[in-house]
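One structure is given below, encoded as structure tokens.
The values are calculated or read from the model by the stated rules, or taken from the named source; none is laboratory data. All of these numbers come straight from a predicted model, not from anything done at the bench. Glycine also receives a Cβ, built like all others from the backbone with ideal geometry; neighbour counts cover every protein chain displayed.
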Amino acid sequence: MIDFEIQRCTRHCAVTGREFKPGEIFYSVLLPDGNSWKRLDYSAESWHGPPDGCIAWWRTQMPAPEQKRRWAPSEVMIRCLEELEEQPDQADFRYVLALLMIRRRILRLEETRREKGMEILRVYCPLTDAAYEIPAVVPPEERLQEIERELLNLLEGDEQELTIDPDSAHASNQCPAR
């Protein structure tokens, strides 16, 4: 298995070179670059869709400098990924969540394969010693904002909404896509 390093946000538009302002919406893409990945970030004005050869892209927002992210615990994300397996209508959300978990190194991509015309990601979670099969269901454009809200709800919810039971090592909040 190979782990790939994916660079952090460049904070600049790949087309204009302009630095992103706090709160500004921009788009990021991953392109194969030899034996690694190259990340490019595009301002909303410069975005005309993903470039040819791109393997993933997402819409995001430049955080304010004083804004500190509070990520959900890995266990919450894993449980949500597992719960979504039984919900075929949420396959696109599960795929996006898995990509995010790969980026955060909660999951490792072991292989991709085609099965009945669909790309399947096989990922491994060292924390639980479990492997998962994730169909690559790219969300339609009209569902992207909904998925973004659901992910933000899961990943950056208020501290009052996210409580951990130390006896069970599970979070008490629910997967937002349920």
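Within the bounds of segment 105-121, is there any residue that is closer than 16 Å to ARG59 by Cα, of a type in the set (Lys, Arg) and modelled with pLDDT of 85 or more? No, there is no match, as no residue in segment 105-121 is closer than 16 Å to ARG59 by Cα, of a type in the set (Lys, Arg) and modelled with pLDDT of 85 or more.
Pull up segment 129-139, narrow it to residues that are over 15 Å from the mean Cα position of the chain (by Cα) and either small (Gly, Ala, Ser) or surrounded by 15 or more Cβ atoms within 10 Å (Cβ to Cβ) (or both), then point me to the one that is nearest to PHE93 (Cα to Cα). Even if it seems obvious, please write down each step before you answer.
At the first step, the residues of segment 129-139 found to be over 15 Å from the mean Cα position of the chain (by Cα) are 129-133.
Keeping just the survivors that are either small (Gly, Ala, Ser) or surrounded by 15 or more Cβ atoms within 10 Å (Cβ to Cβ) (or both) gives 130-132.
On the way: ALA130: 20, ALA131: 18, TYR132: 15 Å.
Selected residue: TYR132.
Per the conditions (1) closer than 19 Å to GLU146 by Cα; (2) touching a strand residue (DSSP E or B) at 6+ places or on another chain (Cβ under 6 Å); (3) in contact (Cβ under 8 Å) with a residue 24 or more places away in the chain, the sole criterion not satisfied by ALA44 is (3). How many residues does segment 1-36 contain that are modelled with pLDDT under 75 and either in the same structural domain as ARG105 (by TED's automatic domain parsing) or in contact with a strand residue (DSSP E or B) (Cβ under 7 Å, 6 or more places away or on another chain) (or both)? Result for segment 1-36: 6. Of all residues in segment 6-32, those that are free of Cβ contacts under 8 Å to residues at least 40 places away in the same chain have Cβ atoms under 9 Å from Cβ atoms of residues that are surrounded by 14 or more Cβ atoms within 10 Å (Cβ to Cβ) and among the β-branched types (Val, Ile, Thr), 6 or more apart or on another chain, in ALA14/VAL29; ILE25/THR60; PHE26/THR60; TYR27/THR60; SER28/THR10; SER28/THR60; LEU30/ILE6.
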